[in-house]
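Encoded as structure tokens, the structure appears first; notes follow it.
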Amino acid sequence: MKTVKVDTSSPYDILIGRGLIKNAGPLVKNVSDAEKITVITDTNVEKYYAESVVSSLKNSGFDTSLFVYEAGEKSKNLGTIEKMYSHMADFRMSRKDIVVALGGGVCGDMAGFAAASYMRGIDFIQIPTSLLAQVDSSVGGKTGVDIAQGKNLVGAFHQPVLVIIDPDTLSTLPDYYINDGMAEVIKYGCIKDSALFKILEEKNALEIIDDVIESCVSIKRDVVNRDEKESGERMLLNFGHTLGHSLEKIYNFEGLSHGQAVAIGMVMITEASEKAGLTEKGTLEKIISLCKKYNLPVSDNADVDEIINYCASDKKAGGGNVNLVLLRKIGDSFIRKTPLDELNGFLG
């Protein structure tokens, strides 16, 4: 088992190891004296892991309930959160009790937000089961939901008390979801680690996935330790996301996954920055080639004006500007504040 320690305002450990999900109960017992636990998961993950996790928690002495919502980004809304609140209240959970997020990025975001806001904040634990969640969203304490105007516009920073990553869970995922997570892996190579990017080029990431997960969460750990509330450096983690979130909204969160949208966003923004002379020539081609290797799309027919319109409502925009994450070269990123009225010319 590998351990990555996070030193934020509320320190916690990220545990990485095969078979850990079967020992969820004892691992949670090590960090919590809660009496009750609500496990939150979706209809897909429930079929594979809910029974064993709930059983392990009960065997460790926790009074455990299960809340299941319909899988998919469409469920990531305040209506689902209200149902979580009702479930926890009916279960008579107190401030010393705990929520376990068992699933992918949508599950972690929502369960974390429910925990952050129920009784003004209770502890939660992340057990990510998708590659995207294991390498990225389960770490760092960002929680939230989508509203009609955009993605993740309502939420809170709320750090978990433990993250349990079991790479064995990836074996139950269709290739579509593995590819989806690889977009975030590629992002980390782009913004912070040229050596990781080269490894992804030369090897099959899935054959060394334990090491890849550790590399990604370690990068995120370091960034979050320095900038927990995203006032500076943490914005670099949004490479490809500003345009990607716009694409997701254009397609109403259907037909284009988060990872696919991020991949297209990384390509679009790098094409623009390379044309503007801000990025080393050849960087775009490297990103396109790597995205294609892991079966990610690199273009889309969405209208640029529509993309920019949604950028204006992105939570990272403000004061008529949007913070674009650009690359000087692979492994070297920076933030460029760009007026929204100049974005069309920049992307064009």
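Which residue fluctuates most in the GNM of the chain (Cα springs below 10 Å): 57, 278, 102?
278
Based on the Cβ-Cβ distance of residue 7 and residue 231, what FRET efficiency does E = 1/(1 + (r/R0)^6) give at R0 = 25 Å, to the nearest 0.05?
Calculated transfer efficiency: 0.90.
Measure nothing but the geometry: give the 0 to 90° angle between the long axis through the Cα atoms of 175-192 and the longest principal axis through the Cα atoms of the chain, rounded to 10°.
With both axes taken from Cα atoms, the answer is about 60 degrees.
What shape does segment 2-172 take by its C-alpha gyration tensor, where a ≥ b ≥ c are the square roots of the eigenvalues and a/c under 1.5 counts as rounded, a/b above b/c as prolate, and the rest as oblate?
rounded
For residue 303 and residue 119 in the same chain, what is the full-extension length gain: residue separation times 0.36 nm, less their Cα-Cα distance, in nm?
Difference between extended and current length: 61.9 nm.
Quick one: Cα centre-to-centre distance for segment 262-303 and segment 59-76, in angstrom?
Value for the Cα centre distance between the two parts: 37 Å.
To the nearest 10 degrees, how steeply does helix 283-293 sit against the main Cα axis of the chain, on a 0 to 90 scale?
Here the helix axis deviates by roughly 50 degrees.
Give me a comma-separated list of calculated 3J(HN,Hα) values for segment 197-206, in order, Karplus coefficients 6.51, -1.76, 1.60 applied at θ = phi - 60°, integers in Hz, x for any Gly or Pro.
These are the phi-based 3J(HN,Hα) values: 4, 5, 4, 5, 5, 8, 10, 8, 4, 5 Hz.
So what is the 222 nm mean residue ellipticity for the chain from helices alone, if each DSSP H run of at least 4 adds -39500 (n - 2.57) and you divide by all residues, rounding to the nearest 500 deg cm²/dmol?
-12500 deg cm²/dmol
How much net charge surrounds residue 9 when only the other residues with a Cβ under 13 Å from the Cβ of residue 9 are counted, with Lys and Arg +1 and Asp and Glu -1?
Spelling it out: positives minus negatives among the neighbours equals -1.
Short version: ³J(HN,Hα) in whole Hz for each residue of segment 4-18, in order, from phi by Karplus 6.51 cos²θ - 1.76 cosθ + 1.60 (θ = phi - 60°), x for Gly and Pro, what are they?
10, 8, 9, 10, 8, 4, 10, x, 7, 9, 10, 9, 10, x, 6
Order the peptides 69-78, 268-277, 132-141, 36-45 from the highest to the lowest mean number of other Cβ atoms within 10 Å of their residues.
132-141, 36-45, 268-277, 69-78
Lys and Arg at +1, Asp and Glu at -1: add these up for the other residues within a Cβ distance under 14 Å of residue 294 and post the number.
-1
Once the piece of chain linking residue 29 and residue 313 is laid out straight, how much longer is it, given 0.36 nm per residue of separation minus the C-alpha distance between them?
Between residue 29 and residue 313, full extension yields an extra 98.1 nm.
What number comes out for the charge environment of residue 334, summing +1 per Lys or Arg and -1 per Asp or Glu over other residues with Cβ under 12 Å away?
So the environment of residue 334 carries a net charge of +3.
Any chance you could check the Cα centroid distance between segment 187-248 and segment 160-174 for me, in angstrom?
Between the Cα centres of segment 187-248 and segment 160-174 lies a distance of 17 Å.
In the chain, what percentage of the DSSP-assigned beta bridges are antiparallel, given to the nearest 5?
Beta bridges within the chain, antiparallel portion: roughly 45 percent.
On a 0 to 90° scale, report how tilted helix 78-90 is relative to the longest principal axis of the chain, with both axes built from alpha carbons and the result rounded to the nearest 10.
20
Shape call for segment 205-289 from the C-alpha gyration tensor, a ≥ b ≥ c root eigenvalues: rounded (a/c under 1.5), prolate (a/b greater than b/c) or oblate?
Judged from the Cα gyration tensor, segment 205-289 comes out rounded (a/c under 1.5).
What residues qualify as long-range amide H neighbours of residue 103, i.e. H under 5 Å apart, gap of 5 or more or another chain, H built at 1.01 Å from N?
127, 129
Holding the Cα-Cα limit at 31 Å, pick out from 187/337; 47/329; 22/151; 220/281; 76/286; 22/142 the pairs that are longer than that.
Violating the 31 Å limit, Cα to Cα: 47/329; 22/151; 76/286.
Efficiency by 1/(1 + (r/R0)^6): what FRET value for residue 204 and residue 281, r their Cβ-Cβ distance, R0 = 30 Å, to the nearest 0.05?
0.60
For residue 321, which sequence-distant residues (separation of 5 or more, or a different chain) have an amide H within less than 5 Å of its own amide H, given hydrogens modelled in the peptide plane?
For residue 321, the qualifying residues are 340.
Mind running the shape call on segment 163-311? Use the C-alpha gyration tensor, a ≥ b ≥ c as the square roots of the eigenvalues: rounded below 1.5 for a/c, prolate if a/b tops b/c, oblate otherwise.
rounded
How large is ³J(HN,Hα), in whole Hz, for each residue of segment 96-113 in order, when computed from phi with the Karplus curve 6.51 cos²θ - 1.76 cosθ + 1.60 and θ = phi - 60°, using x for Gly and Pro?
Per-residue couplings from phi come out as 8, 8, 9, 10, 10, 8, 10, x, x, x, 4, 4, x, 4, 6, 5, x, 5 Hz.
How much of the DSSP beta bridge set in segment 2-172 is antiparallel, as a percent to the nearest 5?
Here the share of antiparallel DSSP bridges comes out near 30 percent.
FYI, it's all coordinate maths here, none of it is from the lab. Note that this is a predicted model, so its numbers are computed, not measured. Every residue, glycine among them, receives a Cβ derived from its backbone with ideal geometry; neighbour counts consider all protein chains shown.
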